[in-house]
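J.: Below you will find the structure I want to go over with you.
Every number here is computed from the coordinates shown, using simple stated rules; none is lab data. Please read all numbers here as calculations on a predicted model, not as lab measurements. Glycine also receives a Cβ, built like all others from the backbone with ideal geometry; neighbour counts cover every protein chain displayed.
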Amino acid sequence: MFNATAHPVVFRFAFEAGTSRGVLREKTSWFIRLKKNDVEGWGECSPIAGLSPEPLEIIEAKISTVLDEWQKDPGAIIEEASRWTEELARWPSLRFALETAWLDYSHGGQHTIFNNAFVQGKQAVPINGLVWMNTLEHMQAQIEDKLKQGYRCIKLKIGHHESASEMDLLKRLRARFSSKELMIRVDANGAYQQDSVYPVLEALAKLEVHSIEQPIAAGQPLLMAELCRNSPLPIALDEELIGHCSSEERSKLLEQLKPAYLVLKPSLHGGMMGCREWINLAAQQNIGWWMTSYLESSVGLNAIAQFTCEYDTSIFHGLGTGQIYTHNVFSPLEVHDGQLIYNIQKKWESPLKTGTSE
């Protein structure tokens, strides 16, 4: 008989992590432990208030109810025909945690989710350096820090300050590095309105910005389709993908909007099974994609990195957020010269020993 338990941990940000929707100071992850005999697998349920589809006020009750049933046949979580596909359609971060815990257990409980070149220490993942929204001075300091660390792709959160001020920040950066030397991405988190978005897109295109994530708020399909069709720079969808759970819904959305890229997060977009389907549908419509973490600790980040390396992709991914907390689960994950690596010489710390439990 398997035993499944949940262990909540509060992670506090090392700084005020600003987006156009507000400032994040702390978040809670629920670590899921699946244990039988002396082997245990770990997963991380990492929802974010105000963005995740899960209602956080009842998530602990949901986790408890699900674990009671899931532990009777945990391997069913990765079966497409399983009851869990429908049961967890609106609980993607929980689904991701269960998938990860089962796969970890299945590989011997060594935090090996997929036994590929990444976890063997043979493959690095190129990642972007994320510049959080803050004062312009602090954002400039973040840029300098990322450049010193060797990042060749920098992603900035925009949409909080006056557009002219943000464009000046980007102009100064582009004046120092050509698009061949440094890729610049921006993420608006839906900050712009119909009457203000086009001037921003045009200004970004002149600076040879690679792409913009979610320029307008999700749920405006006609306007988003128009933007994807007419924008002078590529548009990537993120929040727009939330809540589309069936293959038919997902395919219809991509056909209607025709974005250039998808920004995929297992904790937000259907777990690993859901992201796999998004990737397959995107390939059918010649849409690119990259993977991004969702403020998970090292446990979730490790699973996402291993999952990403199941694909032949050399694009920059967003897998470095674990460094933003005052504490984390000590792990073999390291960032060197803008690349995420798995240092096989380092050992994992138990999530039970991590940080501040609630």
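J.: Counting Lys and Arg as +1 and Asp and Glu as -1, what is the net charge of the other residues whose Cβ lies under 13 Å from the Cβ of residue 299?
T.: -4
J.: Report, in degrees rounded to the nearest 10, the 0 to 90 angle that the Cα long axis of helix 194-206 makes with the longest principal axis of the chain.
T.: The angle comes out at about 80 degrees.
J.: Please sort 231-244, 25-38 by packing, taking for each peptide the average over its residues of neighbouring beta carbons within 10 angstrom, highest first.
T.: Highest-to-lowest ranking by the protection proxy: 231-244, 25-38.
J.: Which of the aspartates and glutamates could be linked to residue 72 by a straight reach, that is with a Cα gap under 13 Å, when you skip same-chain ones fewer than 8 residues away?
T.: Reachable aspartates and glutamates: none.
J.: Could you identify which residue out of 48, 59, 184 has the top mean-square fluctuation in a GNM of the chain using Cα springs shorter than 10 Å?
T.: 59
J.: What is the spin-label model distance, in nm, from residue 172 to residue 123 if the labels are put 7 Å beyond Cα along the C-beta direction?
T.: Result: 3.9 nm between the two label points.
J.: Among 165, 251, 297, which one shows the biggest mean-square fluctuation in a GNM of the chain, springs joining Cα atoms closer than 10 Å?
T.: 165
J.: Using only Cα atoms and rounding to the nearest 10 degrees, what angle (0 to 90) does helix 271-284 make with the longest principal axis of the chain?
T.: Orientation of helix 271-284: about 50 degrees from the principal axis.
J.: Each label point is 7 Å from the Cα along the Cα-to-Cβ direction; what then is the distance between the points at residue 286 and residue 136, in nm?
T.: Once both label points are built, they end up 4.1 nm from each other.
J.: Within 10 Å, Cβ to Cβ, of residue 285, how many net charges do the neighbouring residues add up to if Lys/Arg are +1 and Asp/Glu are -1?
T.: Around residue 285, the charge tally is 0.
J.: Compute the angle between helix 221-230 and the longest alpha-carbon principal axis of the chain, please, reported from 0 to 90 degrees and rounded to the nearest 10.
T.: Result, in degrees: 50.
J.: Given Cβ point charges of +1 (Lys, Arg) and -1 (Asp, Glu) and nothing else, what value in debye, to the nearest 20, does the dipole of region 125-352 about its Cα centre take?
T.: I would put it at about 500 debye.
J.: Plugging the Kirkwood radius over Cα pairs into Stokes-Einstein for the chain, at a temperature of 37 °C and a viscosity of 0.692 mPa s, what D comes out in µm²/s?
T.: 158 µm²/s
J.: Give the whole-number value, in cubic angstrom per residue, of the convex hull volume spanned by the C-alpha atoms of region 160-284.
T.: Dividing the Cα hull volume of region 160-284 by its residues yields 112 Å³.
J.: Let me ask something additional. Where Lys and Arg each count +1 and Asp and Glu each count -1, what net charge lies around residue 121 among other residues with Cβ under 12 Å from its Cβ?
T.: Here the count lands on +1.
J.: How do 209-219, 339-349 rank on mean C-beta neighbours within 10 Å, highest first?
T.: The packing order, highest mean first, is 209-219, 339-349.
J.: Moving on. For the chain, what is the mean residue ellipticity at 222 nm derived from helices alone (per DSSP H run of n ≥ 4: -39500 (n - 2.57); sum divided by total residues; nearest 500 deg cm²/dmol)?
T.: Mean residue ellipticity at 222 nm (helix-derived): -10000 deg cm²/dmol.
J.: Quick check: residue separation of residue 10 and residue 193 times 0.36 nm, minus the Cα distance between them. What number comes out in nm?
T.: Stretched fully, the residue 10-residue 193 segment lengthens by 62.4 nm.
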